[in-house]
Amino acid sequence: MRPSKHPVRGRRGLLGVLLTALAAVAALLTVTPAAHADTTICEQYGSTTIQGRYVVQNNRWGTAETQCVTATDSGFRVTQADGSVPTNGAPKSYPSVFNGCHYTNCSPGTRLPARLSGISGAPTSISYSYVSNAVYDAAYDIWLDPTPRTDGVNRTEIMIWFNKVGPVQPVGSQVGTATVAGRPWQVWAGNNGSNDVLSFVAPSAIGSWSFDVMDFVRQAVSRGLAQDSWYLTSVQAGFEPWQNGAGLAVTSFSSSVETGSGGPGTPSACKVAYTPNVWQGGFSTDVTVTNTGSSPVDGWKLAFTLPAGQQIGSAWGAGVTPSSGAVTASNLAYNAQIPPGGQVSFGFQGTYGGSFAKPAGFSLNGSACTTA
């Protein structure tokens, strides 16, 4: 039986023309913005923020051995993961990135906790990088509680296992199979002594995926493990290692929560036009983002997931990272603001295998966009 991810604890003139021309040339030549220094965390429960809206946490609770994570622009990687624990018990830790509140640590600007009945959608994208010399699972966690609590253990935990390596299994036992968000899953249910756990295990490894968290929340409600009056308190993506774990990484993460009485059809404050030019094995794409809201957007990040087999080689008008999977396009210095009714454009060129497809959806600074 596995304990909570986090045991109860305490908290802690001409020249101008010339300069303008040079700036335009520099913008065309720029592929990615200057990277800031990555932040390494080795403190047991240490954390930092990324993109000004998510929290990366070390969250080592099942071992006294050293674990370090390095937060990047788009996620984190495990840089040190000493020691091991028996595979028939709880894992060592849960290094992760999250949106929401975890033991009073809330991500900047989060809309969580939010009542389930008031959430029209919770789109998210995640991209993982795996290793083979460790025992672990790659898990996306969804936490639910009858109250809008921002501390302690929640009543129900939903786990989505994207991958597992070694002889490990979820809490409880397998209770069947289900198709959720268009994918097949093994379904496990149990209790770790602190909370109920409902787990969905992928039959084979998933490297990256975009989905709606509410598809899995509705599964918990239908199985009597939550109610519409309950609250979504956080969503988290990371790893549970039992042995080793250095090299594991979340290469990209995005999460947003859409609330209000308009329901799933409520229009968002952005619109995206994605216009590809495709040839055998390659493509280029022009992307136009329109601010359909009444307030300016000052600094933007557009998140989307490239279909499998697609990889970006070069970009213009934005920094786009990583080159595949769940990617984020970020503004450059000269195009950071989008006024109400205004637009910003960027593009990229890449390669693909198999048949070409467009990304399924887009989110601007955490809010889902409509597509033109």
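May I ask you to say which residue of ALA372, ALA357, ALA318 is under 22 Å from GLY52 (Cβ atoms) and either assigned by TED's automatic domain parsing to the domain that holds THR259 or small (Gly, Ala, Ser) (or both)? Please lay out each step first, then the result.
Details: ALA372 fails: under 22 Å from GLY52 (Cβ atoms); ALA357 fails: under 22 Å from GLY52 (Cβ atoms).
Matching residue, one of ALA372, ALA357, ALA318: ALA318.
Evaluate the following for SER120: is it at pLDDT below 90 and part of a strand (DSSP E or B)?
yes
Being farther than 30 Å from GLY118 by Cα and among the aliphatic types (A, V, I, L, M) narrows it down to one of ALA273, ALA269, ALA360, ALA318, so name that one. I'd like the intermediate steps shown before the answer.
Details: ALA273 fails: farther than 30 Å from GLY118 by Cα; ALA269 fails: farther than 30 Å from GLY118 by Cα; ALA360 fails: farther than 30 Å from GLY118 by Cα.
After applying the criteria, what remains is ALA318.
What number of residues within the range 97-115 satisfy the criterion of being crowded, with 20+ Cβ neighbours inside 10 Å and over 17 Å from ARG60 (Cα atoms)?
7
Would you call SER255 in contact with a strand residue (DSSP E or B) (Cβ under 9 Å, 6 or more places away or on another chain) and in the same structural domain as LEU116 (by TED's automatic domain parsing)?
Values: in contact with a strand residue (DSSP E or B) (Cβ under 9 Å, 6 or more places away or on another chain): yes; in the same structural domain as LEU116 (by TED's automatic domain parsing): yes.
Yes: the conditions hold for SER255.
Quick one: in the range 262-275, which of the residues that are surrounded by 13 or more Cβ atoms within 10 Å (Cβ to Cβ) and not in a strand (DSSP E or B) is modelled with the highest pLDDT?
ALA269
Taking the range 77-117 on its own, how many of its residues are out of contact with any Asp or Glu (no Cβ under 8 Å at 6 or more places or on another chain) and assigned to a loop (DSSP other than H, G, I, E, B)?
Residues that pass the stated criteria total 13.
In this structure, is GLN236 in a strand (DSSP E or B), among the polar types (S, T, N, Q) and either in contact with a helix residue (DSSP H, G or I) (Cβ under 8 Å, 6 or more places away or on another chain) or under 24 Å from ASP38 (Cα atoms) (or both)?
Values: in a strand (DSSP E or B): yes; among the polar types (S, T, N, Q): yes; either in contact with a helix residue (DSSP H, G or I) (Cβ under 8 Å, 6 or more places away or on another chain) or under 24 Å from ASP38 (Cα atoms) (or both): yes.
It is true that GLN236 is in a strand (DSSP E or B), among the polar types (S, T, N, Q) and either in contact with a helix residue (DSSP H, G or I) (Cβ under 8 Å, 6 or more places away or on another chain) or under 24 Å from ASP38 (Cα atoms) (or both).
From the list SER229, SER324, SER295, SER330, which residue is of a type in the set (S, T, N, Q), over 22 Å from TYR54 (Cα atoms) and not assigned by TED's automatic domain parsing to the domain that holds VAL97? Write out each step before concluding.
Details: SER229 fails: not assigned by TED's automatic domain parsing to the domain that holds VAL97; SER324 fails: over 22 Å from TYR54 (Cα atoms); SER330 fails: over 22 Å from TYR54 (Cα atoms).
Only one candidate qualifies: SER295.
Under the condition of being small (Gly, Ala, Ser) and assigned to a helix (DSSP H, G or I), which residue from the range 205-233 is nearest to the chain's Cα centre (by Cα)? Don't jump to the end; show me each part of the working.
Taking the range 205-233 and keeping what is small (Gly, Ala, Ser), we get 205, 207-208, 210, 220, 222, 224, 226, 229.
Filter again for assigned to a helix (DSSP H, G or I), leaving 220, 222.
Details: ALA220: 21, SER222: 25 Å.
That would be ALA220.
Could you look through the range 239-261, keep only residues that are polar (S, T, N, Q) and not in a strand (DSSP E or B), and pick out the one that is surrounded by the fewest Cβ atoms within 10 Å (Cβ to Cβ)? Break it down stepwise before answering.
Applying the first criterion (polar (S, T, N, Q)) to the range 239-261 yields 243-244, 251-252, 254-256, 259, 261.
Then keep just the ones that are not in a strand (DSSP E or B); that gives 244, 256, 261.
Details: ASN244: 20, SER256: 23, SER261: 7.
Within the range 239-261, the match that is surrounded by the fewest Cβ atoms within 10 Å (Cβ to Cβ) is SER261.
Do we find a residue being crowded, with 18+ Cβ neighbours inside 10 Å, in a strand (DSSP E or B) and in contact with a helix residue (DSSP H, G or I) (Cβ under 8 Å, 6 or more places away or on another chain) anywhere in the range 141-155? I'd like the intermediate steps shown before the answer.
Restricting attention to the range 141-155, the residues satisfying the condition of being crowded, with 18+ Cβ neighbours inside 10 Å are 141-145, 150, 153-155.
Add one more test, that the residue is in a strand (DSSP E or B), and what stays is 141-145.
In the following step, the residues that additionally are in contact with a helix residue (DSSP H, G or I) (Cβ under 8 Å, 6 or more places away or on another chain) were identified as 142, 144.
Scanning the range 141-155 turns up at least one residue that is crowded, with 18+ Cβ neighbours inside 10 Å, in a strand (DSSP E or B) and in contact with a helix residue (DSSP H, G or I) (Cβ under 8 Å, 6 or more places away or on another chain).
Look through the range 61-74, keep the residues that are modelled with pLDDT under 95 and surrounded by 20 or more Cβ atoms within 10 Å (Cβ to Cβ), and return whichever of them is nearest to the chain's Cα centre (by Cα).
SER74
Here is a check on your reading of the model: is SER125 at pLDDT below 95, touching a helix residue (DSSP H, G or I) at 6+ places or on another chain (Cβ under 9 Å), assigned by TED's automatic domain parsing to the domain that holds CYS42 and in a strand (DSSP E or B)?
Working: at pLDDT below 95: yes; touching a helix residue (DSSP H, G or I) at 6+ places or on another chain (Cβ under 9 Å): no; assigned by TED's automatic domain parsing to the domain that holds CYS42: yes; in a strand (DSSP E or B): yes.
Taking the combined requirement at face value, the residue does not satisfy it.
In the range 72-111, how many are under 20 Å from ALA122 (Cβ atoms) and either out of contact with any strand residue (DSSP E or B) (no Cβ under 8 Å at 6 or more places or on another chain) or not assigned by TED's automatic domain parsing to the domain that holds LEU144 (or both)?
1
Residues that are modelled with pLDDT of 90 or more and among the acidic types (Asp, Glu): does the range 276-286 have at least one? Even if it seems obvious, please write down each step before you answer.
Looking only at the range 276-286, we keep the residues that are modelled with pLDDT of 90 or more, and these are 276-286.
Checking which are among the acidic types (Asp, Glu) leaves us with 286.
Yes: the range 276-286 contains one or more residues that are modelled with pLDDT of 90 or more and among the acidic types (Asp, Glu).
The values are calculated or read from the model by the stated rules, or taken from the named source; none is laboratory data. Predicted model only: the values in this text are computed from it and were never measured. Backbone-built Cβ (ideal geometry, glycine too); neighbour counts: all protein chains shown.
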